[in-house]
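Beneath this line is the structure, given in structure tokens, with notes to follow.
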Amino acid sequence: MDVNTRRRGAGALRPTLAGLLLALTAVTGLIEAVSLLALGPVFTAMQTGNVLFLAFGAAHEGGLPTLPAAVSLAAFVLGAVCGARLEAAAELRGWRWMCVGLYAETALIVAAAVSGWGVAPRFGGPGAPHLLEAALLSVAMGIRNVTSMRVDLPGVPTTLVTRSMTGLVAGSVLGRDSAFGYGSGAAGWARRALAVLAMFTGGLAGALLVRAGWTVGELLLPAAVVVAAVTVVHRALLPRLHSR
């Protein structure tokens, strides 16, 4: 196979990769809905919120519990360390490091779903079971952040949409900034817009399921199924995706 053929093949894989990462972005929205509305208030992927919760607690303002935020931050750090070591070791052995990260994330979300089966959502005063769930999800999201940063697909970071929204607006006809892709085609713009929509959709679905009275385990089951499906599709269709 010549170089041009390989390049065309790699280019054809990018939309598929974007679709998988968008599915993971929707999972983040669902998980953060569960975390914030049923386990906390606490974030498990977007740690900026937890840093601010701790800051507000230090100022004794707002009445927010700081223990969930502290647990989530510590668990996230553990997940990021484990993710970095796992994926680096997998790459050295020639394994598909993205699959390794997704396997670990799936296992942790499944563990959270199993341990949270029958646990009722609680906002504002989480108990030990809720803190355990938040810790498991934060480890999973720490690993996910390592995975998505290694993939580094512009516009789809999977765990937050601030940068996607900034790029979307700055690269639009309103912002007209060529550094964000203005005038270079619609692919980047579409990815950013879909990333924001995916996060919103996942968050909306999670909030509606919390409102419907699902237990914590039931709430996390769809997230586990989607991440497992992404892993299977990635393993089956994208064997040479990460050649960089």
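The values are calculated or read from the model by the stated rules, or taken from the named source; none is laboratory data. If you're wondering where the values come from, they're calculated on a predicted model, not measured in any experiment. All Cβ positions, glycine included, derive from the backbone under ideal geometry; neighbour counts span all protein chains shown. Ligands, DNA and RNA are excluded from the accessible area calculation, which covers all protein heavy atoms including side chains. Shrake-Rupley method; radii C 1.70, N 1.55, O 1.52, S 1.80 Å.
Placing R0 at 25 angstrom, the Cβ-Cβ distance between residue 16 and residue 149 gives a FRET efficiency of 0.80 after rounding to 0.05. Using Cβ point charges alone (K and R +1, D and E -1), the dipole size of the chain about the Cα centre works out to roughly 860 debye. Label zone (residue 211, point 7 Å along Cα-to-C-beta; backbone nitrogen cut-off 17 Å) within the range 33-48: 33-38.
The slack in the chain from residue 162 to residue 117, taken as 0.36 nm per residue of separation less the alpha-carbon distance, amounts to 12.9 nm.
Within the chain, the whole DSSP H helices whose Cα atoms reach 24 Å or more along their own axis and whose mean Kyte-Doolittle score is at least -1.0 are 3-34, 67-92, 97-115, 128-151, 187-211, 216-237.
Of the solvent-accessible surface of the chain, computed with a 1.4 Å probe over protein heavy atoms with every protein chain present, carbon and sulfur atoms account for 68 percent. The gain in end-to-end length when the residue 107 to residue 70 segment is fully stretched comes to 11.0 nm, 0.36 nm per residue minus the alpha carbon separation. In this structure the chain gives 49 Å² per residue of accessible area when probed at 1.4 Å with all protein chains present. Here the Debye sum runs over all C-alpha atoms of the chain as equal scatterers in vacuum, and log10 of I(q)/I(0) at q = 0.08, 0.14 Å⁻¹ comes out as -0.32, -0.92.
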